[in-house]
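Worksheet for the structure shown next.
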Amino acid sequence: MNYIDYLVITLYVVGFLYLGRAFKESKSGKDYFLGSKSFGWFPLSLSTAATQLSAISFISAPAFVGLKSGGGMMWLTYEFAVPLAMLFLMIFLIPPMYKAGLVSVYEYLERRYDSSTRLLLSGVFQFSRAFATSVMIYTVALILTSVMDVPMYVTILIIGLITLIYSYQGGMKAVVYGDMIQMLILFLGIIICLFAGLNQLGGWSAFTANVDPVRLQAVDFSKMGFDGQQFGFWPMLIGGFFLYVSYYGTDQSQVQRLFSAKDLGTLKKALLCNGLMRFPITFVYCIMGLVIGTLVVKQPEFRSMIPTNNPDLMIPIFIREYLPHGVIGILMVAIFSAAMSSLSSTINSLSAASVEDFFNRDKKLPTEDYMRLSKWSALFWGSVCIVLAFFTGNIADTVIEAINKIGSVFYGPILATFIAAIGIKRTNYIGANIGLLCGVLVNVFLWLFVKDLFWFWWNAIGAVVTLVVSVIFSLFFNARFDKSDVETLESSWDFDLPKAMILLLFFVFIVAVSVYLPNFFA
C-alpha cells in the first residue's frame, strides 16, 4: 500500500464521521432506534444484505470455495432456505409483532407471557452478540494487519472507534444509510476481484479449462448429516429454514430494521427483496473464489505467499499483489465496510435491547432521559465489543466455529417460543419457559454426546422439542395459569399470493441452478 491507498481509506473514514453527524439530531427513542419508521424497502434491504455480506463472507467464503480442502460451490446450499424463511416471516411471524409497535422484539414475549421470558432471551442476545461481534472485529483486523503495514491495535481501533462514533451520533438512520453505502462498496470490491482474477488467468475460457471440476459440485442429496457429513441438501434446507426464520425474525439485530419500515407493505417488500437478493450476491462471490483459487493453482508463486494454515489470506494477498494502488485502497475500504456494517448494527440493536428490556419496560422514562440512556448504552456496548476484540487472541479460529454452534443451540428454541406465543393461544409462560429450557438442553446434549449429527439439525430439533414441551406443560398448568392470566396478542395469517409465488419459484430456480452448475462450465 502507498499514500494513494491510505488517502482513499482516510476519505472513507472522514465520510462516515460526517454521516453520523448528519443524523445526530434524534428527538425520540423511536427516531434513534427505528429511524422514525421512515425507511422504504430499498434501504432496508440493502442494509440487511450489508450485515449478512460480512467481512468473513468476502474473505473466508471465497477461500472455502476456491482453495480450502473439502470446499467448493457447496457453499451455495447455505442460501437454499432463505426464500422459504422470508415467506414464513412475511405470512406468519413478523406482521403481528410489527402491528404491536415494538422497539425490542423481546417485548412481545412479556406482553404474551411474562417478564422472565423477555429478560432471559434479551440477556442471552446481548452477551452472545457482543462476544460474536468482537471475534469478527479481531478476525478482520488480523487479516488486514497481515497485508497492511499497520499494527493490529490500530486496525481494531479504526474499525471500532469510527463505527462507534457514527452509530452513537446517528442511531438507526446512520446505521441503515451507512450500510447502504458499505453494501455498494463491498459489492464493487467483489466485482473488481472477479474481473481482475479472470484477467490474470487469461479470460473466462482459460478459467473454465482449468477450474477443478470437483469444486463445481454444489448439491448432494445423499448426505443427511447424521454420520458426520455436512452440506447435504436436506440438512441445509430444513435446518437452514429454522435458523434463518429465527435469525431474521427473532434476533434484535435483524428485526429492528424490519420494525423501522414505514408500513407493513414496505416491510413485506423488504423481506421479498432479501429473499431474492442473497443468492445472486453469494453466487458472485463464490465464482470470484473459484476464479482466484484457480489462479492460485496455476501460479505457484501466488500459492507460496498464502500460509498453508491460513487460506483465508487468499483474497487479501491477491488484492495486495495483483491490483494497482488506489484500487487496493478501495478494496481495503470494502473489507472495512463489511466489518463496520456488522458492528454498527450490533451497537444499535444492543443499545435498543438494553434500554427497552431492562430500563424502560414500563414506558415511563422521560424523552430526555431515554435519549441520554440510549446513547450511553450505545457507547457502552461499542466499547465492550472493541475491548473484547483485543482479548480474543489466538483462540479466534476455534471461537468462530463455536459461536456458529452456540447460535444453533439457541435459535431453534427461541423461534419455537415466538411461534407458540403468536400461533398457540393455549400456551402460557410456565410452558414457554420450560419448553425453552428443554429445547436448549437437548441441543447441548446433541453437541456434547452426538458428535456425528450435523449442527445445522440442532435448529430444527431444538424448535420441535421446545414447541412440544411448551404445549404439554401449558396444558398441565392450565388450571393455575390459564390464558386469562397473560395478555394475548391477536395473530393472523397475512397471506400475499404474488409475493409467495415469487419466493417459491425463486427457491426452485436457485436449487436448479445449483444442481446443474457443473454443466454450465462444461
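Taken together, the values in this text are just the output of simple stated rules run on the coordinates, not laboratory data. Keep in mind the model is a prediction, meaning the values are calculated, not measured. Note that we place each Cβ from the backbone using ideal geometry, even for glycine, and neighbour counts take in every protein chain shown.
Identify, among GLY412, GLY228, SER304, the residue whose Cα sits farthest towards the positive end of the charge dipole of the chain, taking +1 on the Cβ of Lys and Arg and -1 on the Cβ of Asp and Glu, with the dipole about the Cα centre.
Farthest along the dipole direction, towards plus: GLY412.
Place a +1 charge on the Cβ of each Lys and Arg in the chain and a -1 charge on the Cβ of each Asp and Glu, then give the dipole magnitude about the Cα centre in debye, rounded to the nearest 20. Intermediate results must be reported in sequence, preceding the final value.
Numbers: 34 positive and 31 negative charges, 144 e Å.
So the dipole magnitude of the chain works out to roughly 680 debye.
Around GLN217, which amide H atoms from residues at least 5 apart in sequence, or from another chain, sit under 5 Å from its own amide H, with H modelled in the peptide plane?
MET73
For the range 238-380, give the magnitude of the charge dipole about the Cα centre (Cβ charges: +1 Lys/Arg, -1 Asp/Glu; no others), in debye to the nearest 20.
Details: 13 positive and 10 negative charges, 59 e Å.
Charge dipole of the range 238-380: 280 debye, to the nearest 20.
To the nearest 20 debye, what is the magnitude of the charge dipole of the range 301-423 about its Cα centre, counting +1 on the Cβ of each Lys and Arg and -1 on the Cβ of each Asp and Glu?
Details: 8 positive and 10 negative charges, 45 e Å.
The dipole of the range 301-423 has a size of about 220 debye.
Please list 3J(HN,Hα) in residue order for the range 213-222, calculated via the Karplus relation 6.51 cos²θ - 1.76 cosθ + 1.60 where θ = phi - 60°; whole Hz, with x for glycine and proline.
x, 4, 6, 7, 6, 10, 10, 10, 7, 7
Is there a pair in LYS268/LYS451; LYS223/LYS405; LYS363/LYS425; LYS99/LYS405; LYS37/LYS363 whose C-alpha atoms are over 30 Å apart, and which pairs would that be? Provide the component values of the computation, followed by the final result.
Details: LYS268/LYS451 39 Å; LYS223/LYS405 19 Å; LYS363/LYS425 25 Å; LYS99/LYS405 32 Å; LYS37/LYS363 18 Å.
Too far apart for the 30 Å limit: LYS268/LYS451; LYS99/LYS405.
For the modelled label position 7 Å from the Cα of PHE520 along Cα-to-Cβ, which residues of the range 217-252 have backbone nitrogen atoms closer than 15 Å?
217-219
Step through the residues of the range 465-478 one at a time and calculate ³J(HN,Hα) from phi using the Karplus curve (6.51 cos²θ - 1.76 cosθ + 1.60, θ = phi - 60°), rounding each to whole Hz and writing x for Gly and Pro.
These are the phi-based 3J(HN,Hα) values: 4, 4, 5, 5, 5, 4, 5, 4, 6, 5, 5, 5, 9, 4 Hz.
What are the radius of gyration and Dmax of the chain, computed over its Cα atoms and given in Å?
In order Rg, Dmax, the Cα atoms of the chain give 22.8, 75 Å.
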